[in-house]
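Written below as structure tokens is the structure these notes are about.
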Amino acid sequence: MSIRLGAALVDVVSEMSFPEGPPHELLVGLPEDAVTRQLDWFAPHYYDPASSFMISSIHTWVVRLAGKIILIDTCVGNDKPRPAFEFIHELSLPYLERLAEVGVEPGDVDYVMCTHLHLDHVGWNTRLVGDRWVPTFPHAEYIFSRDDYAHWEPDTGAGRDDPINENVFADSVAPIAASGQMRLVDSGYSPVDGLTLVSAPGHTPGHSVVRLTSEGQSGVFFGDLMHSPLQVAYPQVNSIFCLDQARAATTRREILERAARDGDLLFSAHFPSPHSGRVSADGDAFRFHPRTPDE
Ligand SMILES: [Zn+2]
């Protein structure tokens, strides 16, 4: 069930899907009537009308391109102490077994790319062996935005005391630096021809998207530019987790405008299945078209 995009094959590995809560609690300034206006496509995949809760997902994208295996975002991880978020505190989930189901063993992974360094995008960078956090993917180069690394860096980073990322740098980023597998990059870095990390700031200072281009087709792994497909219809609406609200909204609109113009396939970090889709312009906003399995 891989997605083919040019010469690239893309698979999704799910860590978890969960009730996110009411849309208005996550999405800042969402119009009161947004859910009822969009209900024809928003439910049932993305929203449960019975509970009035959105449904969210945490997953990794696996890209095979030019003989390489690349993971994009690595979820929450097992055993990670996350006391501020009870539902993901010290998880024990069969993520690596699900990775094996798409034919990937940890030793096979060539590159890990993180759109940003929030807790739910770096977790499987490491795993617990005895009392030590070690890189989960022993042969991979891990690619992080230099700006995001600087933001979370525990001595001087502006975000070092942000409670959302308590313990995260120490257990999921620092061990990668210590093992020599980390590469800090600026916007435009391509580990593989056709796959490029591009700065898309706002959600975090170094938040980036990963652009895929192959044989005339294009896709964008857009990280946390959007938590819900409602933000396609309301691109000015940020999540409560966007650190620079104005910048996040500007960046989101730029990515959506380009996707509508160029036909980019958009790969989410948090939309539940089918996780990806395309957009078209719709007046001053956009319309979301979830990907169908035969696309
Ligand atoms: Zn996230």
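What the table below lists for this structure:
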read-out: Pair list, Cβ < 6 Å and 6+ apart or interchain, from region 138-164 residues that are closer than 25 Å to GLY107 by Cα to residues that are surrounded by 13 or more Cβ atoms within 10 Å (Cβ to Cβ) and of a type in the set (Val, Ile, Thr); value: ALA140/VAL109; ALA140/VAL112; TYR142/VAL112; TYR142/ILE176; ILE143/VAL185
read-out: Enumerated strands (runs of 3 or more DSSP E) restricted to region 70-185, each holding at least 1 residues that are modelled with pLDDT of 95 or more, of a type in the set (A, V, I, L, M, F, W, C) and surrounded by fewer than 20 Cβ atoms within 10 Å (Cβ to Cβ); value: 126-129, 132-135, 182-185
read-out: THR60 vs. criteria in contact with a Leu (Cβ under 6 Å, 6 or more places away or on another chain) and either touching a residue at least 60 places away in the same chain (Cβ under 8 Å) or within 16 Å of the ligand (Cβ to nearest atom) (or both); value: yes
read-out: Neighbours by Cβ (under 9 Å, 6+ apart or cross-chain): first from region 205-229, under 11 Å from LEU265 (Cβ atoms); second within 12 Å of the ligand (Cβ to nearest atom) and part of a loop (DSSP other than H, G, I, E, B); value: PHE221/ASP73; PHE221/THR115; PHE221/SER268; PHE221/ALA269; PHE222/THR115; PHE222/SER268; PHE222/ALA269
read-out: Some residue of region 228-236 being of a type outside the set (A, V, I, L, M, F, W, C) and part of a helix (DSSP H, G or I); value: yes
read-out: Qualifying residues in region 115-131 (those that are charged (D, E, K, R) and either in contact (Cβ under 8 Å) with a residue 40 or more places away in the chain or within 16 Å of ARG183 (Cα to Cα) (or both)) - the one farthest from the ligand (Cβ to nearest atom); value: ARG127
read-out: Boolean, SER92 is within 16 Å of the ligand (Cβ to nearest atom), in contact (Cβ under 8 Å) with a residue 12 or more places away in the chain, among the polar types (S, T, N, Q) and in contact with an Asp or Glu (Cβ under 9 Å, 6 or more places away or on another chain); value: no
read-out: So LEU99, is it closer than 24 Å to LEU195 by Cβ, hydrophobic (A, V, I, L, M, F, W, C) and touching a helix residue (DSSP H, G or I) at 6+ places or on another chain (Cβ under 8 Å); value: yes
read-out: Region 260-287 residues that are farther than 25 Å from ASP73 by Cβ, paired with ones that are part of a strand (DSSP E or B) and of a type in the set (Phe, Trp, Tyr) (beta carbon under 7 Å, 6 or more apart); value: SER280/PHE286
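The values are calculated or read from the model by the stated rules, or taken from the named source; none is laboratory data. Predicted model, so just to flag it, every value in this text is computed and none were measured. All Cβ positions, even for glycine, are placed from backbone atoms using ideal geometry, and neighbour counts span all protein chains on display.
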